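For reference, the structure discussed in these notes is given below.
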Amino acid sequence: MLKITHRTNPLINLLAILLIAVFFVFLFPGCNTKGESDTKQSTVYDRVIKSGKLRAAYITYPPALMKDTKTGKMSGIFVEALEKAAENMGLKVEWTEEVGWGSQIEGLQTDRYDIVGSPVWANPTRGKLTTLSVPIYFSGIGIYVRSNEKRFVGDWTKINSSEVKIGTIDGETGDLIARTDFPEAKRVSLPQLSDISQLLLEIVNKKSDLAFVEPYFAFEFLKTNKGTLKNIASDHPIRVLGNVYMMKKDEFQLKQALDIALQDLLNSGYIDKLVDKYEPEKGLFYRVAIPYRVAK
């Protein structure tokens, strides 16, 4: 008897398997090829809530954040505000590492820490690359020059000249102001971790002509360097910037939770009392306006 065998085409078999796989995916869209459910990528918020800890990096920036070199104890407006907000959220702040102005965002992106717990000024670059909290107070940025300087008084456009030297710190907001508002001027840059007082000393020593500095630091500097500098933007600051906490990009759930906790501290007057506690002279900082009014 003649035995007849049927040989199948391997290509047809492959096509059949692919069709079954496609059918399976459409029929069970929640499963992957291993039959496992897709897992949602964990967020910083998820990690913080699970651990009960908020890991905070920082830059020493008085009076918002100060660190005792002997005890390691942290203090300041931003320290106390963050620790109180975290406590009210059922969390504990863990101060992890000191960072530079230019490396803050990189550390957030690589999950070395969850938040920058020292103040950063809300500017367009940070708004694009990170998630920022509500401001807890505002800083008016002055233009500090030598006390006998007359070139720029009443006309800031004269700063935008190749003959003018602006003192900056790499990655700091003053550097951004110099780049965007006065691109023709020369920038005399200091390293990221330089003290703000060094910017002012550079002006006194004629290594630069001016710097964009918060009045608090000029106030402290002029205690021991009386009459050396003046602020030509005292009536109208070159920038008024919110002091905020900075988180990783797209961390909106963490931002919402923190914002609500901070808003509670603002509305209760807790943060105003903190600013009063650490502000050495009235008018160095601008308070956040209360976002409501009483009907009359």
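Coordinate-derived values only; no laboratory data. Just so it is clear, the model here is predicted, and its values are computed rather than measured. As a convention, Cβ positions derive from the backbone with ideal geometry for all residues, glycine included, and neighbour counts pool all protein chains shown.
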Contour excess over end-to-end distance, with Cα ends at residue 219 and residue 249 and 0.36 nm allotted per residue:
7.3 nm
Inter-probe distance in nm under a simple model that places probes 7 Å from Cα toward Cβ, at residue 256 and residue 289:
2.7
Evaluate the Debye formula for region 49-132 with equal point scatterers sitting on the alpha carbons, no solvent, and hand back log10 of I(q)/I(0) at q = 0.11, 0.23, 0.25 Å⁻¹, in q order, two decimals.
-0.29, -1.23, -1.37
Looking at region 139-239, send over the antiparallel percent of its DSSP beta bridges, to the nearest 5.
55
Amide H to amide H, which residues 5 or more places from residue 170 or on other chains are under 5 Å from it, using H placed in the peptide plane?
190, 192
Under the rule of at least 5 residues apart or a separate chain, name every residue whose amide H is placed under 5 Å from the amide H of residue 225.
none
Can you list the lysines whose alpha carbon sits under 20 Å from that of residue 206, skipping same-chain ones fewer than 8 residues off?
150, 158, 165, 186, 223, 226, 230
To the nearest 20 debye, what charge dipole does the chain have about its Cα centre, counting +1 at the Cβ of each Lys and Arg and -1 at the Cβ of each Asp and Glu?
360
Round to a whole angstrom and tell me the spacing of the C-alpha centers of region 76-115 and region 137-167.
33
What ³J(HN,Hα) values, in whole Hz, does the Karplus curve 6.51 cos²θ - 1.76 cosθ + 1.60 give for region 238-247 when θ = phi - 60°, with x put for Gly and Pro?
5, 8, 10, 10, x, 8, 10, 8, 10, 10
Residue by residue, what Karplus-based ³J(HN,Hα) values in Hz, rounded to whole numbers, does region 248-256 have, using 6.51, -1.76 and 1.60 with θ = phi - 60° and x for Gly and Pro?
5, 4, 6, 8, 6, 5, 5, 4, 4
Which one of 252, 72, 119 is farthest out on the positive end of the charge dipole of the chain, using unit charges on Cβ (Lys, Arg +1; Asp, Glu -1) and the Cα centre as origin?
252
Label zone at residue 277, where the point sits 7 Å out along the Cα-to-Cβ direction: region 103-137 residues whose backbone N lies under 17 Å:
118-119, 136-137
Given +1 on the Cβ of Lys and Arg, -1 on the Cβ of Asp and Glu, and no further charges, what dipole in debye does region 64-193 carry about its Cα centre, rounded to the nearest 20?
460
So if I place +1 on the C-beta of Lys and Arg and -1 on the C-beta of Asp and Glu, and nothing else carries charge, what would the dipole magnitude of region 139-239 be about its Cα centre? I want it in debye, nearest 20.
360
Quick note on 260, 196, ordering by fewest other C-beta atoms within 10 Å, gives 260, 196
Which value in Å does the Kirkwood hydrodynamic radius of region 139-239 take, with 1/r averaged over all unlike C-alpha pairs and then inverted?
13.2
Added length on full extension, which subtracts the Cα-Cα distance from 0.36 nm per residue, residue 181 to residue 197
3.5 nm
Counting only DSSP beta bridges with both partners in the chain, the antiparallel fraction in percent, to the nearest 5, comes to 65
Loop trypsin sites (Lys or Arg not before Pro), region 206-268, which have at most 16 other Cβ atoms in a 10 Å radius of their Cβ (DSSP):
206, 207, 226, 249
Could you calculate the contour length gain from residue 53 to residue 204, that is, 0.36 nm times the residue separation minus the distance between their Cα atoms, to one decimal place in nm?
49.9 nm
Amide hydrogen neighbours beyond the local backbone of residue 53, cut-off 5 Å, H modeled:
92
